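The values are calculated or read from the model by the stated rules, or taken from the named source; none is laboratory data. Just so it is clear, the model here is predicted, and its values are computed rather than measured. As a convention, Cβ positions derive from the backbone with ideal geometry for all residues, glycine included, and neighbour counts pool all protein chains shown.
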Amino acid sequence: MYKSQSLEDFLAELSSRSPTPGGGTAAALAAAMGTSLVEMVANVVGSRDALEKERLAPFVSYCSTSRAEFLVMMDRDSAAFDGYMTAVRMSRATDEEKAVRRTAMQLALERSTRAPLDLARGVCSFVEMMVTSFPNTPKDIASDLYVGASMLDAGFSGAIANVYVNLSYLGDRSFAENARLELGTYQERVRVLQTFKNDVGCLLSIGQAHERG
């Protein structure tokens, strides 16, 4: 669906009044873009040194797999919310229909919560691999690595926002509490991303100071 659209068509649809694609889909795209930039940096580093290429080969493969998964998540997020809107429009003329509608809405809300949770988990896993793969940041392409990390940060932030917006509407409090606990775990894991960004950002600042000098 969206992952197969041209960028221009996707952005036009994203800017429309239609509820989908929305923030969750955009978050997944941000994660995919960040993954692509990080993969580019890994490919550049690998092209300069045979040993580095061999070392980074598993990570490059992981980048490609992660990017594909994030693109699938774009469609999955929109499909989940479309399912919720379909449930909202269900007939409620009788008590039985109202009960069926409520059940359908709750199931759709759970799917709409699960999708961004999975995106948050995917970003965490990728970030942890990225941090270990770049113990030393290549100075000449540090900006690309910083932008990639920032896009991953945006994807994660968008994911957790889409989880939180659903929590108060979930009727299954056990599901909601488990989602909250799971999200807390991811928020702890992703802290390494901010540290990584700060380190790369400091390198860029040092480079700028050198140029001014």
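What the table below lists for this structure:
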quantity: Failed criterion for SER125 (all others in (1) in a helix (DSSP H, G or I); (2) among the hydroxyl-bearing types (Ser, Thr, Tyr); (3) more than 26 Å from PRO21 (Cβ to Cβ) hold); calculated: (3)
quantity: Only one of SER6, SER66, SER61 that is hydroxyl-bearing (Ser, Thr, Tyr), surrounded by fewer than 19 Cβ atoms within 10 Å (Cβ to Cβ) and at pLDDT 95 or above; calculated: SER61
quantity: ARG48 vs. criteria basic (Lys, Arg), at pLDDT 95 or above and surrounded by fewer than 19 Cβ atoms within 10 Å (Cβ to Cβ); calculated: no
quantity: From the options SER133, SER157, SER78, residue that is under 21 Å from the mean Cα position of the chain (by Cα), surrounded by fewer than 17 Cβ atoms within 10 Å (Cβ to Cβ) and not charged (D, E, K, R); calculated: SER157
quantity: Odd one out for ASP140 among (1) modelled with pLDDT under 95; (2) of a type in the set (D, E, K, R); (3) surrounded by 18 or more Cβ atoms within 10 Å (Cβ to Cβ); calculated: (3)
quantity: Candidate set: region 89-130, residues that are closer than 27 Å to LEU37 by Cβ and small (Gly, Ala, Ser); chosen: the one surrounded by the fewest Cβ atoms within 10 Å (Cβ to Cβ); calculated: SER125
